[in-house]
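One structure is given here, and the rest of the page talks about it.
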Amino acid sequence: MRTAGRSRRLRTTAALTVGGAVLALLTSACSTADAVCAGGEYPVLYIGSTGSACVKDGQEPPKGYARYPEGKVPKHVDDKWWTYWNEHSLDKDGKIIEVSQ
């Protein structure tokens with residue numbers, strides 16, 4: 001009888017370990033899969049349009065692009081600022097403008 005109890009505990013422990021590993025893998029994959037830019041990059045906005053790109057940290061935006069205004073930077077696809085910048089942009093003077101669809 002002792003063998004049956006130990007076997008059951010081992011199976012339960014193994015199942016919980018595998019379940020925890022799968023959950024950790026799924027949640028970590030989701031947290032980066034929908035990020036606007038990869039690690040070591042930041043998003044920039046195409047001036048006068050809703051386009052965007054990612055630039056390596058420490059580099060300036062390429063010509064025709066600008067940094068998002070402070071506090072209005074999208075972090076993940078479909079977050080509040082991602083949605084906002086799908087309808088807005090910056091003009092050449094840095095003023096926020098509405099962009100027609």
### Task
Please work out which residue is most open to solvent (accessible area, probe 1.4 Å), limiting yourself to the range 71-90 and to residues that are in contact with a strand residue (DSSP E or B) (Cβ under 9 Å, 6 or more places away or on another chain) and farther than 11 Å from THR50 by Cα.
LYS75
### Enumeration of residues in the range 54-101 that are of a type in the set (Ser, Thr, Tyr) and not in a strand (DSSP E or B)
TYR68, THR83, TYR84, SER100
### Task
Could you list, in sequence order, all residues of the range 55-70 that are open to solvent by 60 Å² or more (accessible area, probe 1.4 Å) and either among the charged types (D, E, K, R) or within 15 Å of the chain's Cα centre (by Cα) (or both)?
LYS56, ASP57, GLU60, LYS63, ARG67, GLU70
### Message
Being modelled with pLDDT under 60 and surrounded by 10 or more Cβ atoms within 10 Å (Cβ to Cβ) narrows it down to one residue among SER31, SER52; which is it?
### Response
SER31
### Message
I want to confirm something. Restricting to the range 60-100 and keeping residues that are of a type in the set (Ser, Thr, Tyr) and touching a residue at least 12 places away in the same chain (Cβ under 8 Å), which single residue is farthest from TYR46 (Cα to Cα)?
### Response
TYR84
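The values are calculated or read from the model by the stated rules, or taken from the named source; none is laboratory data. Because the structure is a prediction, the values reported are computed rather than measured. Glycine gets a Cβ as well: all are built from the backbone with ideal geometry, and neighbour counts include every protein chain shown. Each accessible area value is taken on the protein alone, full model and side chains, heavy atoms only, with ligands, DNA and RNA left out. Shrake-Rupley method; radii C 1.70, N 1.55, O 1.52, S 1.80 Å.
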